[in-house]
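Okay, structure first, notes after.
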Amino acid sequence: MRHVISLLMENEAGALSRVSGLFSSRGYNIESLTVAPTEDASLSRMTIVTRGSDEVIEQITKQLNKLVDIVKVQDLTDGCHIERELMLVKVKAVGEFREEMKRMADIFRGRIIDVADKTYTIELTGPGVKLDAFIAALEPSAILEAVRTGASGIGRGDRIMKI
Amino acid sequence: MADTELTGAEIVVRCLAAEGVEHVFGYPGGAVLDIYDAIYKQDKFKHILVRHEQAAVHAADAYSRSTGKVGVALVTSGPGATNAVTGIATAYMDSIPLVVITGQVPTAAIGMDAFQEVDTVGITRPCVKHNFLVKDVKDLADTLKKAFYIASTGRPGPVVIDIPKDVTQHRCAFHYPESIAMRSYNPTSKGHAGQIKRAAQMLLEAKRPVIYSGGGVILANAAEQLTELARQLGFPVTSTLMGLGGYPAPDPLFLGMLGMHGTIEANMAMQHCDVLLAVGARFDDRVIGNPKHFQKEARKIIHIDVDPSSISKRVKVDVPIVGDVGNVLAEFAKLTQAADHGPDPEALKAWRAQIELWRAQDCMKYDHNAAVIKPQFVIEKLYEITGGDAFVTSDVGQHQMWAAQYYKFAKPRRWINSGGLGTMGFGLPAAMGVQMAHPGAPVACITGEGSIQMNIQELATCKQSDLPIKIVLLNNGYLGMVRQWQEFFYEERYSESYVASLPDFVKLAEAYGHVGMRIDKPEDVEPALRRAFGEYKDRLVFMNFLTDPRENVYPMIPAGKGLSEMILI
Ligand SMILES: Cc1cc2nc3c(=O)[nH]c(=O)nc-3n(C[C@H](O)[C@H](O)[C@H](O)COP(=O)(O)OP(=O)(O)OC[C@H]3O[C@@H](n4cnc5c(N)ncnc54)[C@H](O)[C@@H]3O)c2cc1C
Ligand SMILES: Cc1ncc(C[n+]2csc(CCOP(=O)(O)OP(=O)(O)O)c2C)c(N)n1
Ligand SMILES: [Mg+2]
């Protein structure tokens, strides 16, 4: 099962490597990992997307909780939550593509944030599946480069993770 | 504490004194020269100079295992730190509280491939409970406080503090905090009341109960609570390698060690019980063997552990209780004493009768009339002569298993060995740490000719620090444990397990200034041990017992097999 785990950790040097080291040394898989400080500069907020059986996920949350720098761990997939990911795609914008790419960006509610003679760069946010769908909808030869941030997640409504 | 300007090095020394540290095991080098200079000028603690950094950490580790205090080691940057890694990993696997201070190149040189630079924080990260790189002298005192706090609370473990040389030279006001609060670290010590009640009820209704006791009982100083509860309920007790001494081995309720080299009665009782109380034990693969085979029998499992990640890791548990063993057992005792009925006496009687049938198979028998020295016989004699009261350290191999099986530990913190990492070379430095903590107490190091050579240089430390350790070398001429696996599972292809060119251990001991003995006849075993612990009480004695090279450790559960699939003698 796919799980989205959210955590708050002390914003210390090396904190990220403790988390990534834990995943690699115990053989857990990471689909994506995003991290940045938040409104409280002393804390970093991390979202990890991983896959595993219930037992593995239970161990992952326990092992994360055990890291001394980690303040809070929440499995967002345990309840209602929202996920968003940002993608930047550079596409060919010559000939027929120039119009086609603009139309595709509009349909997916993306924005063209850089325009050059031969290329567009499209910004798209949404759940991962939406980004997947966009990529799938484009003519593969038109995609010059793509970069994705990995998912950031947050609980819905009153589900708040704060200290 | 008054605020005065001190150097980082002086601060380190003052912090250690404030923590009540009495012994530091270490080895100097460029990056820690300022700390060594500060040590020279103080008289609060003693520094023990070892001959290899691995030994410093093992000694500090065993110091902790035998006292319950946090062990402290100090090494220099680069090779000093890498030499210490095996010691740190050994302590980590057995959850031993240590503070290891490593020197580092000056902050400005970090990352420049400076002389004797290694990324100590990076290298040790997977084998420490936590580690720190201190970049500002102002953080030093708080970091030391945190290190001792983290090492000794919750599930204990080693903490590394990496200190760049310039930080030891900078000055700042010194204030050692009384206590430290960390929002990210708050281990649970009290168990959940509801779970404890459920568990107590389950214990009272048990018909075939077993208490499975582990290293957590020793670490929690909860041997007394465990013993009381077991006796009050009349439940049989088995122990892991790490838990030995948590329940008095000579007691009739004790089933001996369980697991790969455990007794028939312990393994069969574990497999066939209806209620299993796991106390500070982590269902290791050397203990329950194949978890699928283990789970073939239905039983209810209650598991007490401070570390939630130890629970339901390898085996699904019915009543998990996260908390300190001592606290939880005390709560159990209250509830079971107040209950209007105890466990069904008829059922317990029948269960104990079954256990006696298993015990009657006498799985620990060996040939007492052999013309060669049997290793088991040496341990039995050692047990007799020391009245079962010695501190016994061990290396890793067959000798370790025989020590665990035949020395009947009656008290906690007397049996000191590397279980989780299985580090050959642990025994002698461990004995140094123990002897340092308990001057005058009998300390025996049971070892093999393979293992002892992994830290043999420490004989010099023993001389310098006057440590009258008794080395009991069970010399079978083989990496015996390897040889045993090759005999059983590799059709007797003894690939590289014969240890040729052994030194003359008597001369070697003498060269280091100690007493050496060579014993090759069964009838000489007892007199040699008596002389060692009598006439040579105050000397280090190196006893080279030439033992049966073909002896194997029985019973044995082959790797991947189940508890009831033992190979018997
Ligand atoms: C050659 C060799 C052969 C071996 N054969 C065997 C064998 O036959 N049988 C055997 O048993 N072992 C054997 N071992 C050892 C084995 O590898 C493990 O080290 C050992 O079984 C683990 O013991 P344990 O479960 O008691 O856990 P430990 O490693 O001692 O862990 C202690 C547990 O207690 C918890 N704990 C710590 N403090 C507290 C507290 N205050 N309150 C509550 N919980 C606490 C910890 O979180 C941890 O889960 C062998 C090792 C070697 C090298
Ligand atoms: C540092 C290290 N290297 C290798 C091993 C693997 N190993 C386990 S037991 C053993 C043999 C130990 O030989 P010896 O010390 O003579 O003890 P014996 O088994 O003969 O009693 C070996 C090589 C280990 N545990 N530790
Ligand atoms: Mg040997």
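The values are calculated or read from the model by the stated rules, or taken from the named source; none is laboratory data. All values derive from a computational prediction rather than experimental measurement. Using ideal geometry, Cβ is built from the backbone for each residue, glycine included, and neighbour counts are taken over all protein chains shown. Quick note on the areas: whole protein, heavy atoms, side chains included, nothing else; ligands and nucleic acids left out. Shrake-Rupley method; radii C 1.70, N 1.55, O 1.52, S 1.80 Å.
Heavy-atom accessible area of residue B:362 with all protein chains present, probe 1.4 Å, nearest 10 Å²?
Answer for residue B:362: close to 80 Å² accessible.
Each residue of region B:187-201 in order: what ³J(HN,Hα) in whole Hz does its phi give by Karplus 6.51 cos²θ - 1.76 cosθ + 1.60, θ = phi - 60°, with x for Gly and Pro?
x, 7, 10, 8, x, 6, 4, x, 5, 5, 5, 4, 5, 4, 4
Rounded to whole Hz and in sequence order, give me ³J(HN,Hα) for region B:224-232 from the Karplus expression 6.51 cos²θ - 1.76 cosθ + 1.60, θ = phi - 60°, writing x for Gly and Pro.
5, 4, 5, 4, 4, 4, 4, 5, 4
What does the buried accessible surface come to for B and A, summed over both chains, with the probe at 1.4 Å? Round to 100 Å². Show your work: numbers first, answer last.
Details: alone 22480 and 9250 Å², together 30260 Å².
Buried: approximately 1500 Å² between A and B.
Restricting to the protein assembly as shown, what percent of DSSP beta bridges are antiparallel, rounded to 5?
Values: 47 of 110 bridges.
Restricted to the protein assembly as shown, the bridges split so that about 45 percent are antiparallel.
Counting only residues 5 or more places away or on other chains, whose amide H sits under 5 Å from the amide H of residue A:32 once H atoms are built in the peptide plane?
A:49
With 20 Å as the limit, write out which pairs from B:374/B:408; B:69/B:129; A:162/B:313; B:381/B:411; B:470/B:537; B:365/B:411 have Cα-Cα distances beyond it, or answer none. Spell out each step's value before the answer.
Working: B:374/B:408 18 Å; B:69/B:129 16 Å; A:162/B:313 28 Å; B:381/B:411 18 Å; B:470/B:537 9 Å; B:365/B:411 24 Å.
Long pairs (Cα-Cα over 20 Å): A:162/B:313; B:365/B:411.
Heavy atoms of the protein only, probe of 1.4 Å, neighbouring chains included. What is the accessible area of residue B:179 in Å², nearest 10?
Accessible surface of residue B:179 is approximately 90 Å².
Sort region A:1-133 into rounded, prolate or oblate with this rule: let a ≥ b ≥ c be the square roots of the eigenvalues of the Cα gyration tensor; rounded if a/c is under 1.5, and if a/c is not under 1.5, prolate when a/b is larger than b/c, oblate otherwise. Don't skip to the end; give the middle numbers.
On the way: a/c = 2.78, a/b = 2.15, b/c = 1.29.
It is prolate, given that a/c is not under 1.5 and a/b is the larger ratio.
Ranked from the most accessible area to the least, with a 1.4 Å probe and all protein chains present, what is the order of B:352, A:109, A:103? Each step should come with its number before you reach the end.
Numbers: B:352 90, A:109 200, A:103 120 Å².
Final ranking, largest accessible area leading: A:109, A:103, B:352.
Just the number, please: carbon plus sulfur as a percent of the accessible area of region B:154-298, 1.4 Å probe, no ligands or DNA/RNA counted. Present the calculation step by step, with values, prior to reporting the outcome.
Working: 2630 of 5190 Å².
Of all accessible area on region B:154-298, carbon and sulfur atoms account for 51 percent.
Kirkwood Rh, the protein assembly as shown, all Cα pairs: how many Å? Display every interim value, and only then the final one.
Numbers: mean 1/r = 0.0352 Å⁻¹.
Value: 28.4 Å, from the Cα pair sum.
Just to confirm my numbers, what's the Cα centroid distance between region B:84-118 and region B:331-408 in Å?
Value for the Cα centre distance between the two parts: 40 Å.
State the Kirkwood hydrodynamic radius of region B:381-530 in Å, one decimal place, computed from all pairs of distinct Cα atoms. Present the calculation step by step, with values, prior to reporting the outcome.
Details: mean 1/r = 0.0626 Å⁻¹.
This gives a value of 16.0 Å.
Counting other Cβ atoms within 10 Å, keep those with at most 11, restrict to DSSP loop, and tell me which trypsin sites (Lys or Arg not before Pro) in region B:363-446 are left. Present the calculation step by step, with values, prior to reporting the outcome.
Working: sites: B:365, B:381, B:408, B:413, B:414; in loops: B:365, B:408, B:413, B:414.
Passing sites in region B:363-446 are B:365.
Just report the Cα centroid separation between region B:539-566 and region A:56-71, whole Å.
Each part reduced to its Cα centre gives a spacing of 38 Å.
For region B:312-329, in order, what is each residue's ³J(HN,Hα) by Karplus, 6.51 cos²θ - 1.76 cosθ + 1.60 with θ = phi - 60°, in whole Hz (x at glycine and Pro)?
6, 7, 10, 9, 6, 10, 8, 10, x, 10, 8, x, 6, 3, x, 4, 5, 5
Among B:419-432, B:115-128, B:461-474, B:288-301, how do they line up from the highest to the lowest mean number of other beta-carbon atoms within 10 Å? Kindly include the intermediate steps, with their values, before the conclusion.
On the way: B:419-432: 26.9, B:115-128: 18.9, B:461-474: 22.4, B:288-301: 16.3.
Ranking, from highest mean packing down: B:419-432, B:461-474, B:115-128, B:288-301.
Go through A:60, B:345, B:82 and say which Cα lies farthest out towards the positive end of the charge dipole of the protein assembly as shown; charges sit on Cβ, +1 for Lys and Arg, -1 for Asp and Glu.
Towards the positive end, the residue furthest out is B:345.
What residues qualify as long-range amide H neighbours of residue B:426, i.e. H under 5 Å apart, gap of 5 or more or another chain, H built at 1.01 Å from N?
B:396
Using Cα centres only, tell me the gap between region B:246-293 and region B:150-229 in whole Å.
That distance is 23 Å.
Order the following by accessible area, largest value first: B:456, B:110, B:11. Probe radius 1.4 Å; ligands, DNA and RNA are ignored. Walk me through the numbers before you get to the answer.
Values: B:456 35, B:110 60, B:11 0 Å².
Accessible-area ranking of B:456, B:110, B:11, largest first: B:110, B:456, B:11.
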